[in-house]
Amino acid sequence: MATSNSFDYSRTGTQIINAALRKIGVLAEGQAATTAQTADVLESLNFMLKAWSNKGLDVKQIRTAYIYPEDGINELELGNASADHEWSLELGLTSLTAAAAAAATALTVTITAGDAVVGTTANSDIIGVELDSGNIFWTTLSAGGGTTALTLAAGITTAAASGNRVYFFTARAFRPESILDAYLVTASTGGRRELTKTPESTLQGLDQTEEGAPTQYCFRQMLDDSVMRIWPRWPDGKTYIEARILHQYDDMDAASDTLAFAPAAYEAIVYGLAIRLAPDYKLPLQERMVLKQEGDTMIDSMFSALTEGTSIYFQPEAARG
C-alpha cells in the first residue's frame, strides 16, 4: 500500500479562519471569508493563541537559551532590542590565543578541536571579550568571521590576556514567557550547576554589589522585555547561564502566515476559534453549548498531548512529635 511519505502538513491563518467560520455556519462548503471577516477573525485568533501560551507548556516552544556574562549588573533584560542584555538561542564561545592590549581591535582566537569552542563566528556578530579587569567588553565583529583572526568594530577598553573567554552570537532572542530552569556553566570545562529559583523580594534584600558565581535567580514578565535577576552578580567572564525557556508563539501578522503550533493542535484551534466567534455571529445558545462541549474535549486533549510529560512524586507526611 502506497503512502505519501510526506510529513510537512501545515495550515495558514486563512485556512483556520475559513474552517472556524464553517463550524458555526457562517460559510458554506467552498466559500471563503471576506477581507473584512478575515481581518476581524484574525484578531480573535491572535487573542486566543496568546492566551493559550500561558495555559500549558507546549514542548515545541521550549528552547535552550544562553545568557552571557556582564559585569556590574544584577537585573538582566531579556529581549531582542539593542539595549537589552546579551543573550541568544545559540551559544558562541571561544578564547584568545594571544594577549590583546588596550584599544586593540585585532584578536586572535582558537577554533581548533579540543578547546571549548562552540559555533562559528560571522561578520556582524555581537561579540564580547573578557578583559583582565573581569569586565566584558561588548561590540560587533567587523571582519574575520569564521577564521582565527577577528577584527572588532571598536577597540577593547583595557588589556585582555591569552586564554580569556570570547563570546559571540548572531542576534538576541525574543522575550521569553518564562524560565523553566537555569544552570551556571563553566566556560572552560562545560561543568554545570543548577541555579536556585528564588522570590524576587528575597533577592532584592541581598547585597546587590556582591560579586561571585551566581547561585540564585528570579524571573518576571514585562511589557517589552522579560527580566531575570541574578545574585550575586558576575565577577568575570568565566561562566555563563544556560536556561530552558518557554518561547513565545509567533504572531499571526497576516492571514497568510503559517501557524507556529504543531499539526496535532490544528483541529483544537479551529474549534477554539469557532467557540470564540459563536457569540459574534449570533449562533443559537443551544448550538453554542454543544460546540463548546465538543471543543473543550479537543482542546483538553491537545494540551495533554503537547504538554511536557513529567513525573509526580508522593511521599507520606512525616510523623509529628
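Given region 61-246, what whole percent of its Cα pairs are spread farther than 31 Å?
Numbers: 2345 of 17205 pairs.
Every Cα pair in region 61-246 considered, those over 31 Å come to 14 percent.
Lysine pair count for the chain with Cα-Cα distance under 27 Å and sequence separation of 8 or more or different chains is 14. Connecting C-alpha atoms closer than 10 Å in a GNM of the chain, tell me which of Gly155, Gly92, Gly191 has the biggest fluctuation. The residue with the greatest mean-square fluctuation here is Gly191.
Taking a label point 7 Å from the Cα of Asp300 along the Cα→Cβ vector, which residues of region 259-293 have an amide N closer than 11 Å to it? Inside the label zone: 293. Could you work out the relative contact order of the chain? I mean the mean sequence separation of Cα pairs under 8 Å and 6+ apart, divided by the number of residues, in percent. It rounds to 24 percent for the chain. Using a Förster radius of 45 Å, what is the FRET efficiency between Ser4 and Thr198 based on their Cβ-Cβ separation? Nearest 0.05, please. After rounding, the FRET efficiency stands at 0.30.
How would Leu206, Leu89 line up from fewest to most surrounding beta-carbon atoms within 10 angstrom?
Fewest-to-most Cβ neighbours within 10 Å comes out as Leu206, Leu89.
If R0 equals 41 Å, the separation of the Cβ atoms of Ser124 and Leu206 corresponds to a calculated FRET efficiency of about 0.60.
At 222 nm, what helix-only mean residue ellipticity would the chain give, in deg cm²/dmol to the nearest 500, using -39500 (n - 2.57) for each DSSP H run of four or more?
Numbers: 5 runs with 68 residues, N = 321.
Rounded to the nearest 500, it is -7000 deg cm²/dmol.
Backbone geometry of region 150-161 corresponds, through the Karplus equation with coefficients 6.51, -1.76 and 1.60 at θ = phi - 60°, to 3J(HN,Hα) couplings of 10, 10, 8, 6, 9, x, 5, 6, 9, 5, 9, 7 Hz, x marking Gly and Pro.
Every read-out reported here was derived from the displayed coordinates using simple, explicitly stated rules and does not represent laboratory data. Keep in mind that what you see is a predicted model, and the values were worked out from it rather than measured. Here Cβ is always computed from backbone atoms with ideal geometry, including for glycine, and neighbour counts include all displayed protein chains.
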